[in-house]
Structure formats: structure tokens, C-alpha cells
1. List the pair-distance distribution P(r) of the chain, using every Cα-Cα distance, as the percent of pairs falling in each 5 Å bin from 0 up to the bin containing the longest distance, rounded to whole percents.
2. Along the charge dipole of the chain, pointing to its positive end and built from +1/-1 on Cβ of Lys, Arg, Asp and Glu, which listed residue (Ala164, Gly192, Leu38) has its Cα farthest out?
3. So, by mean Cβ neighbours within 10 angstrom, what's the order for 106-113, 189-196 with the highest one leading?
4. Sum -39500 (n - 2.57) across every DSSP H segment of at least 4 residues in the chain, then divide by the residue count to get the 222 nm mean residue ellipticity, nearest 500.
5. For region 27-92, report the % of Cα-Cα distances exceeding 17 Å.
6. Using only the alpha-carbon atoms, how far is helix 27-39 inclined from the longest principal axis of the chain? Give it as 0 to 90 degrees, nearest 10.
7. Across the chain, how many lysine pairs, 8 or more positions apart or on different chains, have C-alpha atoms separated by under 13 Å? Please give the number.
8. Once both labels are modelled 7 Å past Cα along the beta-carbon direction, what's the Ser114-Gln230 spacing in nm?
Amino acid sequence: MNVGAGRPFRSPKAILFDLDGTLVDSAPDITAAVNELLAGRDLPPLRLEQVKAMIGGGIRKLVERAFTASGTPLLGGALDEANRVMMPIYRRHLTGLTRLMPGVREVLTHFHLSGIAMGVVTNKPQLAAREILLHFGLTEYLGAIVGGDAVTYMKPAPDALLLALDQLQVEPRDTLMVGDSSADVVAARAAGMPVILLRGGYTQISVEELDADLVCDSLLDLPSAMQRLQDAS
């Protein structure tokens, strides 16, 4: 565990979770969707690790990065059209290859029984996020599910986090953000809440370099690590 230097931490009333790379390993499904899109343009498939590096920022940014990696960058109307074609493809690849990250069900159950409100804040479209969470039976734990298309500015802007808090009726100072990338850190800081990052997610920058209050190996470490951080504050 790495603790953010000098930042006070208290037991939260609510926890907001990122989705991709935090609660679910969705990269295989996202890779399948990207490669179906590229195949429609007679372009070769991308590897899983390549697509993992493109996740974050929403579908349009994913499409832009995929075509750039394929050597055929798209701009303006061409990017708009590719994004339009991608949407139904993306919706067909939500749960076939996606799996829960280790410890998700156990940890959500733990916090639910502890009386902590929970929500998911993701740049994935809201209906897609809800479908995945329903598929895995996680919606019963969640008082808010906010997708990137539910706000004007998605993460790293704080808008989605603040909308989730409005739905949960909890203040930022009483909330913890749990994610895996710089977008989660920047959004949490802008919203005025502490943030914990998990190793093994979708980030091209080491989580140790992202100024989180805490870094954990997995969700299974989260409850005990939070307690140690609270004791040290």
C-alpha cells in the first residue's frame, strides 16, 4: 500500500467505483468490438495489449485511437461516421468475454453490509454500463450508475462524480473514489474527494506516479487498507 503524503482520510459514507479495469476486465470484449470495426474497413486486427492502452475517454476516443494505431487516422466527419458504425458493434460485445476483477462481489458485499452507499462512474455509455452490471448481478449494491453520456464532460472532469453524489445524497468530503487511471485521480481531485487506485487496470502510467491517496494490489485489499490509512491520518 502506498499512502498519499499528509492527506487526512476518514471512513467514507459513499464509494464511487470506476468500471473498466476496476470492477470488470472488459478489454477482451472491447478488443473484439474494435477488431470487428477495423475488419469492416479491411484493416488488420489489433492485439489485446494495444487496445488496452486505448481504453479511457469514451467510445469516440477509442475509435480515434484504433484507426490511428492502424495507420489510417480519421478526423471530423470520417471519425463521426466510424463512431456511428462502432456503436451497435460495441453493444454486441459487452458481456461475452468480460469478467469480474478479483474480489468484486466480496468487497461490494462487505461495504453494503457496512452501510456504505456505492455507485459506478464510468466513461462507458450509461446503458452499456448498466447492462454489464446487470449481467453480473451487481446493480443491487449500487445507488447510482453514471455513464459518460449522462454528463456534458466525462472524466477527467468531475461532472459524472458529482452527479453520482447528487443521486446518493452524499457530499464529496464523505466520499471515496476507487479507480485505475489518471482520469479517476484528476476527476476525484476536482470533485474534492480522496482517491484510491488499483494495480492491474488500464493505465499507461504507473499508478504509483498518479498522486493517489492510496494504491492497492486488488479490491480484496481495499477494506483493510482503508482502515490502516484511516488509523494513520
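FYI, it's all coordinate maths here, none of it is from the lab. Note that the structure is a prediction, hence the values are computed from the model and not measured. Heads up, the Cβs are rebuilt from the backbone with ideal geometry, glycines too, and the neighbour counts pull from every protein chain shown.
1. Whole-percent P(r) values from 0 Å outward: 1, 7, 15, 19, 20, 16, 10, 6, 4, 2, 0, 0.
2. Leu38
3. Details: 106-113: 15.5, 189-196: 21.9.
Packing order, densest peptide first, comes out as 189-196, 106-113.
4. Details: 9 runs with 97 residues, N = 233.
Rounded to the nearest 500, it is -12500 deg cm²/dmol.
5. Working: 600 of 2145 pairs.
When all Cα pairs of region 27-92 are counted, 28 percent exceed 17 Å.
6. 20
7. On the way: Lys52/Lys61; Lys61/Lys124; Lys61/Lys155; Lys124/Lys155.
Taking the chain as the scope, the lysine pair count is 4.
8. 0.6
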